[in-house]
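Report on one structure; see the data block that follows.
The values are calculated or read from the model by the stated rules, or taken from the named source; none is laboratory data. All values derive from a computational prediction rather than experimental measurement. Note that each Cβ is placed from the backbone with ideal geometry, even for glycine, and that neighbours are counted across all protein chains shown. What goes into the accessible areas is simple: the full protein's heavy atoms, side chains included, and nothing from ligands, DNA or RNA. Shrake-Rupley method; radii C 1.70, N 1.55, O 1.52, S 1.80 Å.
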Amino acid sequence: MKSKQLFTSLVMIVLALFTSNIIQASSVVEGPLGIWITQQASPKLGEILTQHPRFKGERIKIMAMRDGHPMVVTDQLTDHIREQLIENLLSIADVKIVFDDANRCIPIRVNTILGIEVQKHDSREHRISLAMVDIEEGIWLNGTNLFWHGRLSNSQRHAFDTSLLNRSTPTVLNIHQTTQIAQALYTQLQCNKAIATPLFFEPAEDDPERKVLRKLIEKISNQTLTTIDKEAAASIITLRYVPGEFILEIVANDHPTQSLRIAEVKVTDRVLPTMAADDHDKLHWAPPDILSEIRLADHHSKGNVCDRKKKNCVDISF
């Protein structure tokens, strides 16, 4: 009797753990759709990506699909499905997923995409399609198509109707964001492999240039050979600030008359809504300079609309 109770307890514990794992794995997408992605779609895709000769060891990107064409994810539901697939597939050995490579010097070439297409059939049901897509041929590859058809939850329908906010970093930085400006310049320098070392940095003259240059040198000196002897340098780098832009230029010591622009960052002196100001910098929106102060007219000229006979009438001058 005790052994039977013990066996029953163990079974309940195993089931509880199994259920817990399913819930944890479906944390991004809930309900029947989440269970389908975790228990059926992800294992099948994992099998295809690790065992099929066409896909074994292949790098893939996970993107949205529309009418058979890959596109960036534009709605929150597709983004949630993508996150769930990434979470599930990364737990499977030998699955190689390429993420956003916008900041890479040389983008990673990908020939295959795992496409997600969400279609609305009627007011109550949707169809989710998953399939591998060959980029060059632009076709869904046979044997990789997976489908789910059913009712989404209220939150999932709302997510499908909600546009995905643009999370990218603004291309125009504030002039006081010295750390971000230096990082943007440094990223561009890393992509330029033709720069001869050691490097000499011309001293900056103005305050915004000095702050950015100091942070840039800190980043570069950890990775690249620099020198304080201008004559010993192979390349001489100058940072210039012109209204609206930081410009990094380089001159080879053996060709002192040939200056080459190697990096640039657009900036503004206005505080951007999404910007995080550097410590100790208190920034404010500049007051508009288009209009003068508005004031009540205390005298009347010939061209005014109001006169002393009109009540509740006030002339405003700019």
Seminar exercise, completed: Rounded to one decimal in nm, the spacing of the 7 Å Cα→Cβ label points at ASP269 and LYS120 is 4.8 nm
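Can you work out D for segment 109-210 in µm² s⁻¹ from Stokes-Einstein, where Rh is the Kirkwood radius over C-alpha pairs, the temperature is 4 °C and the viscosity is 1.567 mPa s? All intermediate terms of the calculation are to be shown ahead of the outcome.
On the way: Rh = 19.3 Å.
Estimated via Stokes-Einstein, D reaches 67 µm²/s.
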Problem set entry | Of LYS96/LYS211; LYS215/LYS266; LYS219/LYS266; LYS96/LYS120, those spanning more than 29 Å from alpha-carbon to alpha-carbon | LYS96/LYS211; LYS96/LYS120
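Want the number for THR257 to VAL72: 0.36 nm per residue separation, take away the alpha-carbon distance, what's left?
Numbers: separation 185, 0.36 × 185 = 66.60 nm, distance 4.49 nm.
Length gained between THR257 and VAL72: 62.1 nm.
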For this session: Whenever you get a sec, compute what percent of the accessible area on segment 191-270 sits on carbon and sulfur atoms (1.4 Å probe).
Result: 48 percent
Exercise. Across 10 Å bins from 0, what is the distribution of all Cα-Cα pair distances for segment 194-274, in whole percents?
Worked result: 17, 49, 27, 7, 1
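Could you work out the relative contact order of segment 46-103, using alpha carbon pairs under 8 angstrom and six or more residues apart, expressed as a whole percent?
Answer for segment 46-103 is 41 percent.
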Problem set entry | Label zone at ILE92 (point 7 Å along Cα-to-Cβ), backbone N below 13 Å, segment 50-72 | 50-53, 55-58, 60
For this session: Multiply the residue gap between PHE160 and CYS313 by 0.36 nm, knock off their C-alpha separation, and tell me the result in nm, one decimal place.
Result: 49.8 nm
Exercise. What is the Å³ per residue value for the convex hull set by the Cα atoms of segment 36-128?
Worked result: 117 Å³
